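K.L.:
My structure is below; once you've seen it, I'll send some questions.
The values are calculated or read from the model by the stated rules, or taken from the named source; none is laboratory data. For clarity, every value in this text was computed on a predicted model and none was experimentally measured. No Cβ is skipped: glycine too gets one built from the backbone with ideal geometry, and neighbour counts run over all protein chains shown. Surface accessibility is based on the protein's heavy atoms, side chains included, excluding ligands, DNA and RNA. Shrake-Rupley method; radii C 1.70, N 1.55, O 1.52, S 1.80 Å.
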Amino acid sequence: MNKAKTTLLRELLTSKSLEFICEAHNGLSARIVEEAGFSGIWGSGLSISAALGVRDSNEASWTQILETAEFMSDATQIPILLDGDTGYGNFNNFRRLVKKLEQREIAGVCIEDKRFPKANSLIEGKQQPLEDIDTFCGKIKAGKDTQSDPDFCIVARVEAFIAGLGLKQAIERAEAYRRAGADAVLIHSKKRTAADIEAFMREWADRHPVVIVPTKYYSTPTGHFQDMGISLAIWANHIVRASVQAMQKAAQRIHAEESVASIEDHIVPVSEIFRLQGAPELEAAENRYDTLQNSRAKTVILAASRGSQFGEMTADRPKAMLKVNNRAILDDTVAKLNKHKINDIYVVRGYMKGAISGDGYNTIDNAAYAETNELYSLYLARHVLEGESLIMYGDCLYRSHLITDMLDKEADIRILVDADKDTSSKEHDHVMCSRPYTNDFLNKDIYLQDISVKVYDETAHGEWAGIIASSPKGTRMIRDTLEKMSTWENFNQLALTDMLRELIPACTIQVVYTKGGWLDVDNLLDIADVGEFL
Ligand code: SPV
Ligand code: MG
């Protein structure tokens with residue numbers, strides 16, 4: 001099980017080495033900080049306020065901060081230490097904040113010993129009145145007594161240096177907060193050097209974990225912080241500052257040029273936004289749960305035969321599992337069907353059935369594959385033939401759009417016909433149609449008149465490309481025809497074309513013309529062609 005975020009934050013605070021966390025101010029920046037590799041996030045009051053377009057003076061209400069923190073927490077797995085300002089009121093307000101933060105899996109909160117409403121510590125010329133020490137200790141105690149997870153962390157921030165007070169007051173306050181139960185103290189300074197921090201650390205002598213925010217003394221090498229014994233350094237505002245510069249540049253340029261053309265190469269593509277939003281996860285979930293999104297078409301793929309013409313290549317697998325471009329032919333078809341949200345897939349296996357894993361589709365076994373032909377395999381799948389359906393071969397590769405083309409049409413039974421094939425051979429299944437292919441928009445309402453290896457030369461309008469699509473009514477007709485034909489003596493030797501021929505008098509079978517876009521992988525030459533095809 002993953003460790004709780006609270007435990008992870010506690011480990012950052014108590015580990016012997018110097019750790020770093022980085023500011024984020026909304027769900028998107030939180031995810032970016034996590035992806036950069038940080039092991040924690042600072043929910044900066046300054047940055048969140050800035051992103052909301054308000055000042056860091058408690059202008060955003062505490063529930064607005066909480067809501068932002070919730071988005072950040074939902075977007076990430078790493079712990080968030082929220083900048084809780086002064087706790088947004090007295091001990092009672094702080095108690096409620098702790099409870100709400102725990103409910104949202106925020107790992108910890110930092111509160112500072114100033115008065116509400118606070119001002120940002122780095123702002124020049126501001127009075128920074130401090131809270132009474134005992135009052136602040138009461139707040140810390142109330143928070144610690146409220147938390148239900150023992151690993152939830154409360155960091156007490158000492159603002160003595162910010163308020164212009166000296167080391168003595170800083171240590172006095174830090175020690176009081178430690179005794180009140182704070183899990184760490186944050187000692188803040190706005191000097192350009194780390195002098196305040198060095199003095200504090202010498203006097204503090206490793207009593208308790210110390211957190212720092214080196215915004216102003218950024219030039220101090222971080223190795224020095226480690227040497228001083230600092231537990232955690234916070235990069236407190238750098239992500240919002242980086243984004244402001246990027247946004248200003250982009251907005252100014254787009255405005256000046258009245259065009260986005262020149263900026264396109266300097267900004268992330270929309271697909272990167274989708275990725276950061278977690279679009280792939282939603283797509284996977286839709287495939288799994290959203291039946292409306294999923295096409296209702298059931299697909300039967302016939303993959304029982306060996307393909308002995310491939311010799312040794314099919315010694316341990318059927319030809320549907322031959323790899324082309326590192327992917328089995330069958331897996332390519334399944335992936336393309338999935339892309340069209342078709343997930344209800346049944347593969348009829350026979351020869352070397354163990355090689356057809358069933359990962360992402362169902363399997364039906366034709367144990368008599370050696371003595372039977374395609375129609376028998378389809379017959380074994382008749383119980384799944386209901387509603388809209390697709391019948392395909394496991395050893396054909398298709399371009400994705402052909403699947404859409406087949407589903408788009410309305411006729412009860414449709415077949416895919418390639419009008420671009422040489423029809424002189426007497427081996428392939430050619431078709432005769434009500435009209436030949438024409439290079440215009442008239443390729444509608446064309447019907448199958450004959451299909452056979454006996455159709456060739458001038459009588460043939462193309463080659464059958466191995467897909468049958470059907471409406472619920474068409475599927476019923478296919479099932480009934482299968483039942484009828486199963487009583488025939490030669491049933492075991494029949495092919496899909498025999499069934500189509502049987503269907504012709506009973507219904508009009510629509511021809512969907514294509515010109516190429518598919519490949520019947522029948523021999524080594526076909527495999528050699530695949531690279532080009534894909
Ligand atoms: C913040 O990031 O909001 C802080 C740190 O509190 S500072 O801006 O330095 O006060
Ligand atoms: Mg702050």
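K.L.:
Report the Cα centroid-to-centroid distance between region 300-345 and region 462-526 in angstrom, as an integer.
P.N.:
19
K.L.:
Then there's this: If you place +1 on the Cβ of every Lys and Arg, -1 on the Cβ of every Asp and Glu, and leave all else neutral, what size is the dipole of the chain about its Cα centre, to the nearest 20 Debye?
P.N.:
Working: 61 positive and 78 negative charges, 472 e Å.
Roughly 2260 debye, rounded to the nearest 20.
K.L.:
Further question on the same structure: Can you find, among 128, 110, 90, the residue farthest towards the positive end of the dipole of region 85-142? Put +1 on the C-beta of Lys and Arg, -1 on that of Asp and Glu.
P.N.:
90
K.L.:
Within the accessible area of the chain, what % is carbon and sulfur when the probe is 1.4 Å and the other protein chains stay in place? Before the final figure, lay out the partial values.
P.N.:
Numbers: 12800 of 25770 Å².
C and S fraction of accessible area: 50 percent.
K.L.:
Set the Förster radius R0 to 41 Å, insert the Cβ-Cβ distance between residue 247 and residue 283 as r into 1/(1 + (r/R0)^6), and round the FRET efficiency to 0.05. Let's see the in-between values first.
P.N.:
Working: r = 29 Å, r/R0 = 0.71.
The value I calculate is 0.90.
K.L.:
Figure the gain on full extension for residue 400 and residue 271 (residue separation times 0.36 nm, minus the Cα-Cα span) and round it to one decimal in nm. Spell out each step's value before the answer.
P.N.:
Working: separation 129, 0.36 × 129 = 46.44 nm, distance 2.09 nm.
Difference between extended and current length: 44.4 nm.
K.L.:
Report relative contact order for the chain in percent, whole number only (criteria: Cα-Cα under 8 Å, sequence separation at least 6). Could the numbers behind the result be given before it?
P.N.:
On the way: 1012 pairs, mean separation 57.5, N = 534.
Value for the chain: 11 percent.
K.L.:
Give the ranking of 104, 115 by solvent-accessible surface, highest area first, calculated with a 1.4 Å probe.
P.N.:
Working: 104 60, 115 115 Å².
Result of the area sort, largest leading: 115, 104.
K.L.:
Could you calculate the FRET efficiency of residue 368 with residue 480 from 1/(1 + (r/R0)^6), where r is the beta carbon distance between them and R0 is 22 Å, rounded to 0.05? Before the final figure, lay out each step's value.
P.N.:
Details: r = 23 Å, r/R0 = 1.03.
It comes to 0.45.
K.L.:
In nm, give the distance between the simple-model label positions of residue 122 and residue 313, each being 7 Å from the Cα along the Cα-to-Cβ direction.
P.N.:
6.4
K.L.:
Using a 1.4 Å probe, what is the accessible area per residue for region 169-251, in Å²? Present the calculation step by step, with values, prior to reporting the outcome.
P.N.:
On the way: 3770 Å² over 83 residues.
Each residue of region 169-251 exposes 45 Å² on average to a 1.4 Å probe.
K.L.:
Any idea what the dipole of region 327-421 comes to, in debye rounded to 20, about its Cα centre with Lys/Arg Cβ at +1 and Asp/Glu Cβ at -1? Walk me through the intermediate numbers first.
P.N.:
On the way: 11 positive and 16 negative charges, 48 e Å.
The calculation lands at about 220 debye.
K.L.:
Under 5 Å between amide hydrogens, which residues at least 5 positions from residue 349 or on another chain qualify, with H placed 1.01 Å from N in the peptide plane?
P.N.:
364, 365, 366
K.L.:
Ignoring chymotrypsin sites (Phe, Trp or Tyr not before Pro) that are buried or in helix or strand per DSSP, and keeping those with at most 14 other beta carbon atoms within 10 Å, what is the longest stretch of the chain between them? Show your work: numbers first, answer last.
P.N.:
On the way: sites that count: 218, 441, 488.
After excluding every exposed loop site, the longest remaining stretch is 219-440.
K.L.:
Related question: Using helices alone, I'd like the mean residue ellipticity at 222 nm for the chain: each DSSP H run of four-plus residues gives -39500 (n - 2.57), total over residue count, nearest 500. Kindly include the intermediate steps, with their values, before the conclusion.
P.N.:
Working: 18 runs with 198 residues, N = 534.
-11000 deg cm²/dmol, from helical runs alone.
K.L.:
Report D for region 250-302 in µm² per second (integer): Stokes-Einstein, Kirkwood Rh on Cα pairs, 20 °C, 1.002 mPa s.
P.N.:
Working: Rh = 14.7 Å.
In µm²/s, the coefficient rounds to 146.
K.L.:
Which of 357, 308, 279 sits closest to the plus end of the dipole of the chain, meaning its Cα is farthest towards the positive end, when Lys and Arg get +1 and Asp and Glu get -1 on the C-beta?
P.N.:
In the chain, that residue is 279.
K.L.:
Order 207, 179, most accessible first, counting only protein heavy atoms with a 1.4 angstrom probe. Show your work: numbers first, answer last.
P.N.:
Details: 207 90, 179 175 Å².
In descending accessible area the options line up as 179, 207.
K.L.:
Evaluate Rg over Rh across region 201-278, taking Cα atoms for both radii and Kirkwood's formula for Rh.
P.N.:
Working: Rg = 20.2 Å, Rh = 16.3 Å.
Here the Rg-to-Rh quotient is 1.24.
K.L.:
Considering the options 482, 295, 437, tell which one lies farthest towards the positive end of the dipole of the chain, charges being +1 on Lys and Arg and -1 on Asp and Glu at the Cβ, about the Cα centre.
P.N.:
Among 482, 295, 437, the one farthest towards the positive end of the dipole of the chain is 295.
K.L.:
Another question, then. Kirkwood Rh over Cα pairs of region 3-89 into Stokes-Einstein at 25 °C, 0.890 mPa s: D in µm²/s? Intermediate results must be reported in sequence, preceding the final value.
P.N.:
On the way: Rh = 13.2 Å.
It diffuses with D of about 186 µm²/s by this estimate.
K.L.:
Follow-up. So, with +1 on the Cβ of K and R and -1 on the Cβ of D and E, and no other charges, what is the size of the charge dipole of region 161-305 about its Cα centre, to the nearest 20 debye? It would help to have the intermediate numbers written out before the result.
P.N.:
Working: 17 positive and 17 negative charges, 97 e Å.
My answer is approximately 460 debye.
K.L.:
Which loop-located GluC sites (Glu not before Pro) does region 291-397 contain, where loop means any DSSP state but H, G, I, E or B and the Cβ has at most 13 other Cβ atoms within 10 Å? Write out the running numbers ahead of the final one.
P.N.:
Working: sites: 312, 371, 374, 386, 388; in loops: 371, 386, 388.
Here the sparse-neighbourhood loop sites are 371, 386.
K.L.:
Working from the pairwise distances between different alpha carbons, so that the mean of 1/r is found and then inverted, what is region 86-136's Kirkwood radius in Å? Mind showing how you got there, number by number?
P.N.:
Values: mean 1/r = 0.0825 Å⁻¹.
The Cα-based Kirkwood calculation yields 12.1 Å.
K.L.:
Reachable aspartates and glutamates from residue 190, Cα under 20 Å, same-chain residues fewer than 8 places away excluded?
P.N.:
Straight-distance partners of residue 190: 23, 56, 83, 85, 112, 113, 124, 131, 159, 172, 198, 203.
K.L.:
Heavy-atom accessible area of residue 401 with all protein chains present, probe 1.4 Å, nearest 10 Å²?
P.N.:
In the full protein context, residue 401 sits at about 100 Å².
K.L.:
Which value, in Å³ per residue, describes the convex hull spanned by the Cα atoms of region 269-342?
P.N.:
128
K.L.:
In Å, what Kirkwood hydrodynamic radius results for the chain from the alpha-carbon pair distances? Display every interim value, and only then the final one.
P.N.:
Working: mean 1/r = 0.0349 Å⁻¹.
Roughly 28.7 Å, rounded to one decimal.
K.L.:
Related question: Over region 140-207, what is the relative contact order in whole percent, taking alpha-carbon pairs under 8 Å and six or more residues apart? Numbers along the way, then the final one.
P.N.:
Working: 76 pairs, mean separation 23.9, N = 68.
Relative contact order comes out at 35 percent.
K.L.:
Nearest-5 percent of antiparallel DSSP beta bridges in the chain? Please report the intermediate quantities before stating the final value.
P.N.:
Values: 22 of 69 bridges.
Roughly 30 percent of the beta bridges in the chain run antiparallel, per DSSP.
K.L.:
Based on the Cβ-Cβ distance from residue 264 to residue 339, what FRET efficiency comes out when R0 is 30 Å, to the nearest 0.05? It would help to have the intermediate numbers written out before the result.
P.N.:
Values: r = 27 Å, r/R0 = 0.89.
Calculated transfer efficiency: 0.65.
K.L.:
How high is the relative contact order of region 222-369, given as a whole-number percent (alpha carbon pairs under 8 Å, six or more residues apart)?
P.N.:
Details: 135 pairs, mean separation 28.5, N = 148.
Computed over region 222-369, the figure is 19 percent.
K.L.:
Averaging over every viewing direction, what projected area does the convex hull of the Cα atoms of region 83-226 cover, in nm²?
P.N.:
8.3
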